[in-house]
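Notes follow the structure.
The values are calculated or read from the model by the stated rules, or taken from the named source; none is laboratory data. Remember, it's a predicted structure, so these values are computed and weren't measured experimentally. Virtual Cβ from ideal backbone geometry, glycine too; neighbours counted across all protein chains shown.
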Amino acid sequence: MENPFKYAGIVRGPYFADRKQELSELLSEMRNLGRVFLVSPRRYGKTCLIFNLSDKLKKEGYCVAYLDLNAYPDLASFSVAVTEKVSRTLESSTDKLAKLLSALKYLRPRVEVGPDGLLAARVEMTVPRREALPALLEGLHYCDELARKKRRKLIIAIDEFSDLAKYDGQTIEKAIRSEIQTHSHIGYIFSGSAQSVILAMTQDPQRAFYRMGRIMELGAIDRSEYLKFILKWFKKGGYQLKNVDFELVFEAAEDVPYSVQRMCNILWEKARSTGTVTQKMLEQLPLLVARQDSVHFELIWQTASQAQKILLMALAKQQNAKPFSRAFQLAYGIGPSSSIKASLDSLVKKGILYQSPAGRYKFADTFMRYWILNLAERGAESR
Ligand SMILES: Nc1ncnc2c1ncn2[C@@H]1O[C@H](COP(=O)(O)OP(=O)(O)O)[C@@H](O)[C@H]1O
Ligand SMILES: [Mg+2]
């Protein structure tokens, strides 16, 4: 049986754990063509959630266009992509598409032979790239019109929306808002991992997206639901579970679904030969994942200064440490606070650490902590 714990790309259908509540809330928002801002840290499952929602919506007859802002370095390419994707989901005939698109002023159709040898209608900009904003607004307006003409309900999901700032944000935000507010056939999902950016966009009365939609903060998956999902698969695979307690997996993963998936994926393979899952296997999982990623961690480690390495070791050993406390500094022979502050700032900037809402410094990748602990142990052994 194929390993059911997928940890890369889009995880769908039976491989997608729980999120029933979130799916049903999003479904009802989209049935009302609402606007939702979906926020969470990275790897909590926003993108997967959007795709699973999209599968359900399509079954109900909706058209769904998905765009990831990461893929579009400038506003011009985004304008083109929105128009092209929406057109394609609403109209399959290339001829008709080309005709529909020819009514546009800033964007125009271009018929191309695709890699499959078939004709495909593409969209291109007819204005200089610096005039991409009117093209985007025209594109969005056209999407709503097209949905109306085709009598279809359309959902546009824009992923990594917090990236919008890279297009020289605030004038664009205002323009998009006033266009979107006139739409009557489109529901929107704006999703982003830069939580603070999205929250600032939507909760600051001075900003254009203030109260433009509902904010949905995607939290961790409920442990008991996740556990049901995990046990169901192990049972299906014919595995025996001997007095195992998955709590330690959720703890080590800090409830990040991506990290839970990685550990379960390894566990499935490790227990394959005997068909038995033991507590001892569970205990080894964080380090096994860390070892799989060691090349990556090695590279990161090399970018750290000596002072930063010592600090990282200390933080790995003492989770929830208070790095500015005297006790912590004495215990690890580091300090003063000013240089610790400089190291922390630099490690956060590099994305190695992040500051939790409670003000603690944590590893952005939970497995890096295990990799460093192992490094420290090996260092101690060789001494
Ligand atoms: N509900 C879930 N069930 C199973 N795996 C999940 C789930 N949510 C997230 N994952 C895992 O986490 C990975 C990252 O999810 P993703 O949707 O890309 O997160 P985000 O968009 O929030 O960064 C996925 O590839 C998948 O392995
Ligand atoms: Mg994502």
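Here are a few things to note about the model shown:
- Pairing residues of the stretch 254-276 that are closer than 16 Å to residue 17 by Cα with residues that are among the aliphatic types (A, V, I, L, M) and not in a helix (DSSP H, G or I), at Cβ distances under 6 Å and at least 6 apart in sequence or on separate chains, gives 255/220; 257/221.
- Inspection of the stretch 139-155 identifies at least one residue that is small (Gly, Ala, Ser) and either closer than 29 Å to residue 22 by Cα or surrounded by fewer than 19 Cβ atoms within 10 Å (Cβ to Cβ) (or both).
- Scanning the stretch 24-42 for residues that are more than 20 Å from residue 254 (Cα to Cα) and within 16 Å of ligand 2 (Cβ to nearest atom) yields 26, 36, 37, 38.
- For the stretch 190-200, the set of residues classified as more than 16 Å from ligand 2 (Cβ to nearest atom) and either among the polar types (S, T, N, Q) or in contact (Cβ under 8 Å) with a residue 40 or more places away in the chain (or both) consists of 196, 199, listed by residue number.
- Residue identified as assigned by TED's automatic domain parsing to the domain that holds residue 28 and either within 13 Å of ligand 1 (Cβ to nearest atom) or under 21 Å from residue 5 (Cα atoms) (or both) among 208, 194, 200: 194
- Of the residues making up the stretch 215-266, those that are away from ligand 2 (no atom under 16 Å from the Cβ), closer than 21 Å to residue 283 by Cβ and not in a helix (DSSP H, G or I) are 237, 239, 240, 241, 242, 243, 244, 245, 246, 254, 255.
- Checking 145, 112, 138 one by one, the residue that is over 25 Å from residue 170 (Cα atoms) and in the same structural domain as residue 158 (by TED's automatic domain parsing) is 145 and no other.
- Failed item in (1) assigned by TED's automatic domain parsing to the domain that holds residue 377; (2) in contact (Cβ under 8 Å) with a residue 24 or more places away in the chain; (3) of a type outside the set (Lys, Arg), with residue 338 passing the rest: (2)
- Residue in the stretch 280-298 that is more than 16 Å from ligand 1 (Cβ to nearest atom), buried (at least 18 other Cβ atoms within 10 Å of the Cβ), on the phi < 0 side of the Ramachandran plot and modelled with pLDDT under 95 present: no
- Inspection of the stretch 219-229 finds no residue satisfying the criterion of being within 16 Å of ligand 1 (Cβ to nearest atom), within 28 Å of residue 91 (Cα to Cα) and not hydrophobic (A, V, I, L, M, F, W, C).
- Qualifying residue in the stretch 54-66 (condition: more than 29 Å from residue 144 (Cα to Cα) and in contact (Cβ under 8 Å) with a residue 40 or more places away in the chain): no
- Among helices (runs of 4 or more DSSP H) entirely within the stretch 1-120, having at least 2 residues that are away from ligand 1 (no atom under 16 Å from the Cβ) and within 23 Å of the chain's Cα centre (by Cα) singles out 20-31, 46-59, 75-90.
Table: residues versus (1) in the same structural domain as residue 373 (by TED's automatic domain parsing); (2) out of contact with any Leu (no Cβ under 6 Å at 6 or more places or on another chain); (3) exposed (fewer than 13 other Cβ atoms within 10 Å of the Cβ).
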residue: 307; (1), (2), (3): yes, yes, no
residue: 316; (1), (2), (3): yes, no, no
residue: 319; (1), (2), (3): yes, yes, yes
residue: 322; (1), (2), (3): yes, yes, no
residue: 327; (1), (2), (3): yes, yes, yes
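- Residues considered: 189, 155, 215. Of these, the only one that is β-branched (Val, Ile, Thr), in contact with a Gly (Cβ under 6 Å, 6 or more places away or on another chain) and within 29 Å of residue 255 (Cβ to Cβ) is 155.
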